[in-house]
Structures are given as C-alpha cells and as structure tokens.
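Enquirer: To start, I am sharing the structure in question, which I have written as structure tokens.
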Amino acid sequence: MRVALVQLTAGRELEANLELIRAGIREAAGHGAGIVVFPEASMRAFGNSLVDIAEPLDGPWAAAVRAAADQAGVVVVVGMFTPGHSGGAKHTVRNTLLVHGRGIDTHYDKIHLYDAFGFRESDTVTAGTAPVQFTLDGVTFGLATCYDVRFPALFTANAAAGAHVQLVSASWGAGPGKAEQWDLLVRARAADSTSYVLACGQSEPGAAGVEARPGAPTGIGRSAVVGPYGNVIERAGDAPEILYADIDTAVVDDARRTLPVLANRVTL
C-alpha cells in the first residue's frame, strides 16, 4: 500500500486551503497513493481565529474534502477544527483529523493539548479522550496529532489495537532545538511501538512564501517516513513537497517477532 504525506503551508483562507488539499490529492493519487495524509490545521493555520470557522464533521468544508477523496478514490486524512465544549463566554474547538474515503469515515480528536513553549492550546481547544484506528486492505493505521508524539502510551495503545502504521499530522512549532526534538520523537515512537511512523507536518512558512504568525506553531517541515525499528526511510526538507511510503506489513510482523517490546511490556 502506498501512502502520500502532503507537506504544505496552510493560510487563513479556508477555500485556498481546500485548493491546496485538492491539488495534493490529485498529485498523490496520480502517483498511486491509496491514502493521502495532510498536516494538522490544514483547514486554517494556527495564529488565526479558530472558533469562527469550526464546523461539524458534516459541514461544508468537510463535505468538500470528502468529495475530493471520493472523486480520486483515495482515503484522505486531514487536520480541521470542529466545535468543542462551550461554557459562559468561553468557546472552544476540537483539533480533529478527518478520515474519509473507500468506505471509511471516521475522525480523531487530539488528546494531548500543546500547553508548552509559551503556547496554550487548551485555552481554545477541547481535548479528545480516546485513541482511534482504521483498517484499509488489511493494514491498520493509528492516528495522532502533533504534541501527541511526545506521549508514548498513545502509540503503544494504537499498536496494541493492531496498528501497523502510526499517522502523525502536525504543525510543529519552531524554536531552538525543536527540529531535533521532532526528528528524535518520530523515530522513538516508531521504535516504542514497532510500527511505521508516517509524520506529515506543515512546511516552514517562509520556505513556502508565506508570512509566519509570530508565536504560533506554524510548521518547520521535516515530514518523515520511519520504519518500525526507528530507521528513517525518507525525510522532507522545509518547503512544500510530497513524500511517498510503500507499506509492507511483513516488515512490522518481523520487527515484532525480533524485538517484541509490545509483548514484553510490564505494567508498573
């Protein structure tokens, strides 16, 4: 199975971002991808208001993504914002991955909120509560979003539920040491779970010709395809591009026989 990781820089305008997604789907499908993964916050970049554009999973933006997926005959995984809990004057969104195509229609709400490095995602976002997996053509995929990559338990939970591949959509924050942390973490989560990790990030805005929002986690690029021993198979640069990963579940099965860290886990 071929999976495409479409590294792009989203902006403020929802329709312009939809056009980037449609173009990425067309190109990836033309190169034989059955699953096309986009970054976190592909609906609208961080640093812009989110509450005013959040919509239900059956809203018009999601419907347009579904139509593009169905037209191309692929599964699309894309970051959007759906309504969260609201109380009093406080209104929030959920940081959601929409998954649709080829008979699959599900979603994952980001569990671990990015209250770190001076950013407080929890001020505007309602956290998800449960891991989510989906299966296509005998391959099971677990879902994760950005800051989730710092929490191994989500990845081992996905693997315990049968995931061969962990899909990570991100809009990683820039800063001293942040690129090195991203590189380390995507490799570590693959080794923790003896799974492929396919990590798709927003490209660095400057490399895409877009002005970055100061203080917002708007992406550094460096999307990656990582094997189940933590070996980097492909890595993107900082500009928009598409990576392709050809998934072989036999590689995962062999890793789990050779290095049975999932079977050897002890609950402490």
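The values are calculated or read from the model by the stated rules, or taken from the named source; none is laboratory data. Because the structure is predicted, anything quoted here is derived from the model rather than measured. No Cβ is skipped: glycine too gets one built from the backbone with ideal geometry, and neighbour counts run over all protein chains shown.
Enquirer: Only one residue in Pro240, Pro228, Pro214 is within 20 Å of Val77 (Cα to Cα) and not charged (D, E, K, R). Which one? Spell out how you get there, then give the answer.
Expert: Working: Pro228 fails: within 20 Å of Val77 (Cα to Cα); Pro214 fails: within 20 Å of Val77 (Cα to Cα).
One residue alone meets the criteria, Pro240.
Enquirer: Let me ask another. What is the number of the single condition among (1) of a type in the set (Gly, Ala, Ser); (2) within 18 Å of Thr145 (Cα to Cα); (3) in a strand (DSSP E or B) that Ser203 does not meet?
Expert: (3)
Enquirer: Continuing with the same structure: Please state which of the following conditions Val65 fails to meet, knowing it meets all the rest: (1) in a helix (DSSP H, G or I); (2) in contact with a helix residue (DSSP H, G or I) (Cβ under 6 Å, 6 or more places away or on another chain).
Expert: Result: Val65 fails condition (2) only.
Enquirer: For the range 65-101: of the residues being at pLDDT 95 or above and surrounded by fewer than 15 Cβ atoms within 10 Å (Cβ to Cβ), which is nearest to Leu198 (Cα to Cα)?
Expert: Once the filter is applied, the top-ranked residue is Gly73.
Enquirer: Further question: Just checking, does the range 203-216 include any residue being free of Cβ contacts under 8 Å to residues at least 60 places away in the same chain and of a type in the set (Lys, Arg)?
Expert: Within the range 203-216 (the criterion being free of Cβ contacts under 8 Å to residues at least 60 places away in the same chain and of a type in the set (Lys, Arg)), the answer is no, since none of the residues qualifies.
Enquirer: I'm trying to understand the selection: among the residues of the range 226-246, which are at negative phi, surrounded by 15 or more Cβ atoms within 10 Å (Cβ to Cβ) and in a loop (DSSP other than H, G, I, E, B)?
Expert: Once the filter is applied, which keeps residues that are at negative phi, surrounded by 15 or more Cβ atoms within 10 Å (Cβ to Cβ) and in a loop (DSSP other than H, G, I, E, B), the range 226-246 yields Gly227, Pro228, Ala236, Asp238, Ala239, Pro240.
Enquirer: Before we move on, is Pro240 touching a residue at least 60 places away in the same chain (Cβ under 8 Å) and farther than 26 Å from Ala29 by Cβ? Walk me through how you get there before you give the answer.
Expert: Numbers: touching a residue at least 60 places away in the same chain (Cβ under 8 Å): yes; farther than 26 Å from Ala29 by Cβ: no.
No; evaluated as a whole, the condition is false for this residue.
Enquirer: Among Ser193, Ser223, Ser203, which is the only one that is under 16 Å from Pro152 (Cβ atoms), crowded, with 23+ Cβ neighbours inside 10 Å, at pLDDT 95 or above and among the small types (Gly, Ala, Ser)?
Expert: Working: Ser223 fails: under 16 Å from Pro152 (Cβ atoms); Ser203 fails: under 16 Å from Pro152 (Cβ atoms).
Ser193 is the lone residue from the list that is under 16 Å from Pro152 (Cβ atoms), crowded, with 23+ Cβ neighbours inside 10 Å, at pLDDT 95 or above and among the small types (Gly, Ala, Ser).
Enquirer: Does Ala127 satisfy being at pLDDT 95 or above and buried (at least 19 other Cβ atoms within 10 Å of the Cβ)? Spell out how you get there, then give the answer.
Expert: Numbers: at pLDDT 95 or above: yes; buried (at least 19 other Cβ atoms within 10 Å of the Cβ): no.
So Ala127 does not fit the description; no.
Enquirer: Which residues, counting only those in the range 158-169, are among the small types (Gly, Ala, Ser) and either free of Cβ contacts under 8 Å to residues at least 12 places away in the same chain or buried (at least 24 other Cβ atoms within 10 Å of the Cβ) (or both)? Write out each step before concluding.
Expert: Residues of the range 158-169 among the small types (Gly, Ala, Ser): 159-163, 169.
Scanning the range 158-169 gives Ala159, Ala163, Ser169.
Enquirer: Considering only the range 1-48, state which residues are acidic (Asp, Glu), over 12 Å from the mean Cα position of the chain (by Cα) and not in a helix (DSSP H, G or I). Lay out the reasoning, then the answer.
Expert: We begin by selecting, within the range 1-48, every residue acidic (Asp, Glu); these are 13, 15, 19, 27, 40.
Going one step further and asking which of them are over 12 Å from the mean Cα position of the chain (by Cα), we end up with 13, 15, 19, 27.
Result: Glu13, single match.
Enquirer: I'm trying to understand the selection: among the residues of the range 2-46, which are surrounded by 18 or more Cβ atoms within 10 Å (Cβ to Cβ) and at positive phi?
Expert: Matches in the range 2-46: Ala41 only.
Enquirer: Right, something else. For the condition surrounded by fewer than 24 Cβ atoms within 10 Å (Cβ to Cβ) and within 26 Å of Val36 (Cβ to Cβ), what is the one hit in Phe117, Phe155, Phe141, Phe151? Even if it seems obvious, please write down each step before you answer.
Expert: Working: Phe117 fails: within 26 Å of Val36 (Cβ to Cβ); Phe155 fails: surrounded by fewer than 24 Cβ atoms within 10 Å (Cβ to Cβ); Phe141 fails: surrounded by fewer than 24 Cβ atoms within 10 Å (Cβ to Cβ).
Unique residue meeting the criteria: Phe151.
Enquirer: Taking Gln133 and the conditions (1) of a type outside the set (Lys, Arg); (2) closer than 19 Å to Leu5 by Cβ; (3) touching an Asp or Glu at 6+ places or on another chain (Cβ under 9 Å), which numbered condition does it fall short on, given that it satisfies the others?
Expert: (3)
Enquirer: Turning to a different aspect of this structure: When you scan the range 247-258, do you find a residue that is farther than 20 Å from Leu98 by Cα, touching a residue at least 24 places away in the same chain (Cβ under 8 Å) and assigned to a loop (DSSP other than H, G, I, E, B), even just one? Break it down stepwise before answering.
Expert: Of the range 247-258, the ones farther than 20 Å from Leu98 by Cα are 247-258.
Those left that are additionally touching a residue at least 24 places away in the same chain (Cβ under 8 Å): 247, 249, 251-252, 255-256.
Next cut, assigned to a loop (DSSP other than H, G, I, E, B) only: 247.
There is at least one residue in the range 247-258 that is farther than 20 Å from Leu98 by Cα, touching a residue at least 24 places away in the same chain (Cβ under 8 Å) and assigned to a loop (DSSP other than H, G, I, E, B).
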